[in-house]
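Note sheet for the following structure.
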Amino acid sequence: MFASVPSRTAGALLAQRPGHAQEANAPMPHQPTSSRKHSTYSVTLGAAVRELRVCRVISQEELGFRARLHRNYVGALERGEINPTFRTLRTLADGLEVELSSLIRLYEEREEDRAA
């Protein structure tokens with residue numbers, strides 16, 4: 001029914017295309033895991049959230065549950081990959097059982113420490 005097609009690797013097939021012979025044997029360039037650069041402000045805010053969470057001895061999953069956020073979102077926020085909205089900051093403060101002003105104050109202290 002079907003004609004037998006010899007097995008070829010993707011590199012061999014690519015090498016057959018005009019102008020792609022060098023690309024077939026070239027190593028893959030390193031690709032960053034994220035195309036976004038993390039702002040120092042987001043990283044500092046994430047560190048402040050992590051510090052408060054660790055002081056309360058709760059997991060990212062528990063904080064996510066308390067703040068109605070996914071645990072992966074909490075982790076990304078702590079790594080500085082996310083710039084949260086005001087609403088998210090309020091829910092985080094509620095989940096951490098602190099005033100929003102306390103979270104912001106800790107962020108500002110850490111930002112001053114980083115700048116010094």
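The values are calculated or read from the model by the stated rules, or taken from the named source; none is laboratory data. Not measured: the values here are computed from a predicted model. As a convention, Cβ positions derive from the backbone with ideal geometry for all residues, glycine included, and neighbour counts pool all protein chains shown.
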(request) Within segment 84-101, track down each residue that is surrounded by 14 or more Cβ atoms within 10 Å (Cβ to Cβ) and either of a type outside the set (A, V, I, L, M) or touching a residue at least 60 places away in the same chain (Cβ under 8 Å) (or both). (result) PRO84, THR88, ARG90, THR91, ASP94, GLY95
(request) Tell me which residues, restricted to segment 66-115, are polar (S, T, N, Q) and within 20 Å of THR40 (Cβ to Cβ). (result) ASN83, THR85, THR88
(request) Give the number of residues within segment 68-80 that are surrounded by fewer than 17 Cβ atoms within 10 Å (Cβ to Cβ) and outside any helix (DSSP H, G or I). (result) 3
(request) May I ask you to list the residues in segment 44-65 that are buried (at least 17 other Cβ atoms within 10 Å of the Cβ) and without any contact (Cβ under 8 Å) to a residue 40 or more places away in the chain? (result) GLY46, ARG50, ILE58, GLN60, LEU63, GLY64
(message) Among the residues of segment 15-24, are any closer than 30 Å to SER101 by Cα, exposed (fewer than 15 other Cβ atoms within 10 Å of the Cβ) and at pLDDT 50 or above?
(response) no
(request) Output the residues belonging to segment 81-116 that are more than 21 Å from the chain's Cα centre (by Cα) and assigned to a loop (DSSP other than H, G, I, E, B). (result) GLU97, VAL98, GLU99, ALA116
(request) Give the residue, chosen from THR85, THR40, that is hydroxyl-bearing (Ser, Thr, Tyr) and more than 17 Å from LEU100 (Cβ to Cβ). (result) THR40
